[in-house]
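Following: one structure in structure tokens, then a few remarks.
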Amino acid sequence: MSIVIPNAPAIAQPASAAAARPPCFTLYDAAHARTGDKGDLCNIAVIAWQPALFALLAEQVSEAAVAAHFSHRRLRAVRRYLLPRLSALNLVLDGALDGGVNDALNLDSHGKSFAFFLLSMPIEVPAALRPLLRPTRPSLPQPVPDFQARSAS
């Protein structure tokens, strides 16, 4: 939604700035994830859709980047473990669950939504790797009405 302010001067963006900006991708375009918990620790496994995307994950899904993405949770620490043979990484977020399942008053005491939130993290993807990203969903086949199915047989 855009807001139009009458009589406001238009702010022109230089064409070079728009052209220089890379397309926007999220971590979900390159990987999928699962979340688990133990006490006040949230464990997130991030698995690349394709093995060739693992180096991209290892480069951009750093402890600092994850801590910044989850800054609203005030984590005590983020630890990252690389699993190159699985094309995956494991993230452990310490202090993420407000004391753990039995102590937390929030709606997601197990932290199951944390994987989804992590997958919204913006990433930069070089043009050479873009064909490996998660394909868009194909459209579902349209159901064949009964009268067409009967007349074909």
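The values are calculated or read from the model by the stated rules, or taken from the named source; none is laboratory data. In this text the structure is predicted, and so the values were computed from the model without any measurement. As a convention, Cβ positions derive from the backbone with ideal geometry for all residues, glycine included, and neighbour counts pool all protein chains shown. Areas reflect the complete protein model, heavy atoms only, side chains present, ligands, DNA and RNA absent. Shrake-Rupley method; radii C 1.70, N 1.55, O 1.52, S 1.80 Å.
For the reader, a short list of remarks on this structure follows.
- Boolean, LEU27 is out of contact with any Pro (no Cβ under 6 Å at 6 or more places or on another chain) and farther than 14 Å from LEU129 by Cα: no
- A residue that is at pLDDT below 70, within 15 Å of VAL46 (Cβ to Cβ) and open to solvent by less than 90 Å² (accessible area, probe 1.4 Å) occurs somewhere in region 104-122.
- Restricting attention to region 70-93, the residues that are of a type outside the set (D, E, K, R) and assigned to a strand (DSSP E or B) total 11.
- Taken over region 68-78, the criterion of being surrounded by 13 or more Cβ atoms within 10 Å (Cβ to Cβ) and either touching a Leu at 6+ places or on another chain (Cβ under 6 Å) or not hydrophobic (A, V, I, L, M, F, W, C) (or both) is satisfied by HIS69, ARG73, LEU75, VAL78.
- Scanning region 38-57 for residues that are of a type in the set (Gly, Ala, Ser) and part of a strand (DSSP E or B), we see that the one that is nearest to ASN90 (Cα to Cα) is ALA45.
- Candidates in region 93-103 are the residues that are on the phi > 0 side of the Ramachandran plot and modelled with pLDDT under 70; of these, the one that is most open to solvent (accessible area, probe 1.4 Å) is ASP98.
- Evaluated against (1) of a type outside the set (Ser, Thr, Tyr); (2) at pLDDT below 95; (3) buried (at least 16 other Cβ atoms within 10 Å of the Cβ); (4) under 18 Å from PHE114 (Cβ atoms), LYS38 falls short on exactly one condition, (3).
- Among (1) free of Cβ contacts under 8 Å to residues at least 60 places away in the same chain; (2) part of a strand (DSSP E or B), the one test that HIS32 misses: (1)
- Flag set for ALA67, criterion: at pLDDT below 95, more than 19 Å from ASP29 (Cα to Cα) and part of a helix (DSSP H, G or I).
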